[in-house]
Structure formats: C-alpha cells, structure tokens
1. Given a 1.4 Å probe, how much area per residue of the stretch 155-314 is accessible, in Å²?
2. Quick one: go through the stretch 218-233 and flag any residue whose amide nitrogen is under 16 Å from the point 7 Å out along the Cα-to-Cβ line of Glu348.
3. Check which residues have an amide H placed less than 5 Å from Leu271's amide H, if you skip close sequence neighbours.
4. Under 5 Å between amide H atoms, partner at least 5 residues away or on a different chain: which partners does Gln63 have, H built in plane at 1.01 Å?
5. Could you please state, rounded to a whole Å, how far the C-alpha centre of the stretch 598-654 is from the C-alpha centre of the stretch 214-248?
6. Where the accessible area of the stretch 377-472 is counted over protein heavy atoms with a 1.4 Å probe, how much of it, in %, is carbon and sulfur?
7. Accessible area of the stretch 68-193 with a 1.4 Å probe: how many percent of it is carbon plus sulfur?
8. How much of the accessible area of the stretch 204-277, probe 1.4 Å, is carbon plus sulfur, in whole percent?
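The values are calculated or read from the model by the stated rules, or taken from the named source; none is laboratory data. Predicted, not measured: the structure shown is a model, and the values here were computed from it. No Cβ is skipped: glycine too gets one built from the backbone with ideal geometry, and neighbour counts run over all protein chains shown. To get the accessible areas, we keep the full protein, side chains included, count just its heavy atoms, and leave off ligands, DNA and RNA. Shrake-Rupley method; radii C 1.70, N 1.55, O 1.52, S 1.80 Å.
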Amino acid sequence: MRDFRPRMIAVLLGLLAIGGAPALAQPVDTVAPAAPALSSEPRRAPLPFSPDTDRYKGCGTAQLNVVFEGLLIGNSPLGTVSVRLNESLGDAEPQIRAFLASLDFVTVTPNADFELTTLVDYPQTMVLVDAKAGPEHWRMLPRKGENNCPVYEPRQFMVGDVTSGSSLALLKARLAEEFRGMKVMSLPQIAGSRDIETCIKAMKVVVCSSNPDAPNVIDGEERDRELYTKEETTIRVRNRGSLRRHVYFGFLDDSRRIDFVSVRNGADRPLEPGEVVEFSHPAPAFDGRSYAMTLTSEAPIDPRRINQAGAYGPGAHLVACKPRPPATNTIALTDPLPAGAAYANSLEIEVQSSALCPRVGGGDVALASLVPWMAQLYDTRPFTAAQIARDNQRSVQDRIGISALNAEQREHHCGGTLIGPGLVLTAAHCVAEGSFAGVNEAKARQTLRVRTGSIDLGEGRSYAIDSIAIHAGFVAERNAADIALIKLKPASPGAPLPAKAVALSENSSFAPGTEFETYGWGFSGEWHSGRSNPHVSVSGALQMPTERLRYGPLTAIAPQRCPLGLRVICAASPPGRARQVFTCFKDSGGPLIRTRSGKQELVGVVNFSKGCSGPVPTAFAAVASYGRWIDAAKVWLAKNSGRVGRVSDPALAR
C-alpha cells in the first residue's frame, strides 16, 4: 500500500478552527529538525473566478471575506507550522512577527501553508487562512457581495483583534493544535504497520486504505466520498500481516479534535495475524475535511495521551449553515506523544452538515441595478458586553436597544455615493463628529469601512479607507459645509476599485415641486425633535436601521420654508401623499437624486432635519455649489494617502 502522508500533510493545515484561548506552554514533544532554506518569493495561484452561470454572470474573480494573497503552489517544508503575514496586519505586523519567531514550532515564510490576515469587513479582526485548501473546500456565505455576486470563505479560523495581546495567545493555542496534528500524521511506521487495513462504510462512503483512490460506488453509482456530521459509521480493521499489533482508530477533524480509541472498544489486546474487527464509530461533529487515521504499536499505549479536544472543546457540534463562534477550548497539550505509537494509514474524508441549511434569497435585483453607486459606511468597533448590559438596564424610552439589533444593524453608520472610481461623497458629520470630532478625526479612517455593490446591510464588497478630505468650513453641530470626500483603498495592490459612479448635478437651486428621490438604511419610524431619544419612535417602537435599502420621492420646497443658505437644498414628502417619506437618523451622507431624461444625477447629500416625519423637510448639501471644493478634494486625496485632513473651498477664497 502506498503511503499517502506526504500528500496529506501538505494539505493537513487546512482544518478549520476559530480561536479563543489564553497563553499556553510549548506544545507536544520534540521539535522537528530545522527546515531547509526557503525561497523569498511565494509561488501563488491567482484567485479563481466565480461560477459563470446566468445567476452570477460577469462576477469575475471570486469575492472573499478575507484579504488573501492567493493559494500556495507546491509544498512548504514539513516539520513546523508555516505562516505568511499579510500586509493587512498593518502596524501590528512587527509585533506579530516577533511573537511567531519566538515559537520554535512555527516558521514565518512567504511559502507558507497558512496566511495570517484580516477580514475584509472587519479589518481589525485577525484570521488564519489555509493557503493550501482550494476552492472546493471554500464555503459560499449566505450573504451576497458586490453586484449581487457570491462571497466565499476560504478555510480559516478567527484569532481576534490585531491590536490585542490576548489574540497572540489565542494564535499560539491554535497553532499548537495544528502542530500536534502534524506530529500525529508524521509518526514513524514500524514493522507490520503497512499490513493494517482500515475500511470505512457509511451511507455514502465505502473506502479502504488498501485502495484509497478507488471509486466510491454506492448501489452501483459512483458518489463523492462524504460523511454526515455525527453519522454512525462502520469501521472494519484487518491485520493482513504476520505480526501481532495493537491498533487504534480515530478522526482528526476540522476543529483539530483528535479522538483515538482502541479498535477493540476498550479491551486493548493485540490484533492477531489475519484477524478482523468491526465496530461502530460516529463521524466527526464538525463539517469540513477530516482524516480517518489508524495507528499501531507493539505494546499497549494510552490513546488519551494522543487526543486533544480541538478548538471548541469536547462535545461541541457545528454545522456549515451556522457561523462558527469563537473557540472555547483553552488547552493545548504539552505532553509528549506516547512512545511506541506508529502510523498505519489514513483516509481523507469530507464531512457534510447533517442539517438542511436554509437558502438565502438574492434580493431586489431591479432596485440594486438602479443604484450601483450607493455606498454604506459602517463602524468596525463592536459594542462591548458592558455597553449592552448598561443599555438593557435603561428604561424602554431611554434605551438604544442594542441587544435587539443584528450585527449589520449595529455597525451601520451612514450612507454615501460613488462619484468616481473609489471616491465616495458623504456628510462631514459622518466622519468628523461625535467620537471622530476634533483630534479624533484620524480615527474615522481607521475604524470606518465602506461597502458597495448591494442594497442589503452587511452585503457587497467592503473597502478600507485610504484617506478622507473634510470641508475646512465644517464645524461639528453647526450644520454648515457638511460635506466630505472619501478615497477607498484597493483590496490588494493593483486591485480595481468600484467605478459605477453617478453624475454630479450642475444645478444648486430648484423650483418648488421639483421631484427627487432619496435613499438610505436609516430609521423608518416617525420621531419629533422635542423627544430626547431618537431610537424610540413616537409610537413607542424601537427604531433601527432597515436591513434593505429604502427609497422614496421628495419634492423641493420654497426657500422661505427652509432659510438655511444658498448651499443647501430642502426637500420634503410630496404634498397629499398617503405614505409620508422622510429621512432620519442613519440616513446621513446618503444621496438626493434627480432623474432627467432617464439619467440620474446627484443633487444633494443628506445633512440634517428637525425631526423624522413627512412634513418636516430635510436639508441636503447642494452638490453643485461644492463643485470646486470636490475638485480640490480629489487633488488633495491623490497627494495625501493615509491621511485625514481639512480642505479649503476655492469658491470661498478672496
């Protein structure tokens, strides 16, 4: 029988886990000899394309939920866990590199099985991605990306905040589990190891280690080699040799759990020459790639000295259609593997969820096609448990209702509009007020992100912010010069930026009754400015961002009804309309659109209103009156990458 371990170990590091553990001692028994010299340049395959079907026509290169350099071509040296550091780690990279260098079971190299990187939507969250597991092992997430295209999750496990020291401890714990798995897979063979044959039989699998590449034929039909989570399997082990050997079977699953048992179900007697034993064993409780492994020894060993609970601890059970929570296991074994344990064989098995996962619909394609220029600003800073607890203790009329919001609603911040490749026009108060006011303006670039390409919160393609230009005349709480321009950062060097921009209007004043449309994910219940808490509507209902982009008609009103200056357009719900239209909190920065001869143009940017109801007008920054400032802001952004700054308005220069 051929030894498949070199091929298996090359892809072994793709087993998923999600981090969550304190600092741990050095793992396993002995460290492998020093790896050979490594090439300084990685050999990486380009990212694959999305399926070219009618549903995903024109989606092009696959959209991922992580910043990822691409799949590794070839094998990295065996003996240590090899890690590549992605530039998205930013300023934290030197500290992370130094930490990994202190672990003698880890090699930092461009040609690595793992890539340490960050999530696209949450760039402060560090994840470890398997650079060996191809698209066939990726998950299609239930949400959609830019242009309603699918978003994929490569094999990965979550580590934590890139700036947190505790995340390094979590990273060490997960890498320790990977290393122990490698040590088990690389155990030596002894006389008689190759004579042990293991066969697995289940509803969709019949496979033996003596012929692992044989077609998987069930009821006369060839099928994929798949198990279902927790499915009961029949394991058949045969000693085809002439030597008595103790034999142990177990799965090394996608959570890094190892669970060897004696093939005699507790009675650890050797398997005699020619003897066959058959027993039941549950499939792994985690969907994904697993290895069915058989070990052997001349004398009895305690398999519990090999086993580890994996990232989620004993008894955990996850399925593909549910997000994986942070890991719970805090133990990485430091005991050496038992002396005498030897490798016999292993079989790679794909484990599928035993649950029927609901399919998520695609959304209103017609509306999405009308607003390719729509952008969403969201905040990557999560609410803490203490903040949520304090909010829950407030009276119903005073609370924000954080615990009632989903993750996408919690993070939503403002609207915006693409006016050029990678350029998003929004309100200045979205990026220079509240926690971003004054000396904290630079924090907006670090903690805010921009999504484009979808009408649903949390979907679309996410971009970091390269730089922000704020109108020099903006003063927080003053409602003047409330306009800012954001330059997006490509997902990777040379990657394209969103370019489906809307044209800018050349008119800054409009006759009463001129028709517009406004768009946003903001609150939809009525609220009056005399009430203290905008998170509760006049009817007493909790206000929250809408999960799907809403739009509605507005009409220009007479200037005397909104005497706010020449650089503002005021619009309100059309008279006589049964269902009133208005903007509200979380609509800020969004667009006011006018359609002329079938062509859309951006007329205004949502600034403020004195309440949320149809008769109450909304004030929009008149885009045309800021035309010269927008041009100046573009020039400033091109010269000031990585900065947040104030840009003077040439129209106001004396």
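1. With all protein chains present, the stretch 155-314 gives 37 Å² per residue.
2. 224-227, by backbone N distance to the label point.
3. Arg245, His246, Val247
4. Tyr152
5. So the two Cα centres are separated by 66 Å.
6. Values: 1760 of 3370 Å².
The C+S portion of the solvent-accessible surface of the stretch 377-472 is 52 percent.
7. Details: 2090 of 3920 Å².
It is 53 percent, rounded to a whole number.
8. Values: 1410 of 3330 Å².
Its accessible area is 42 percent carbon and sulfur atoms.
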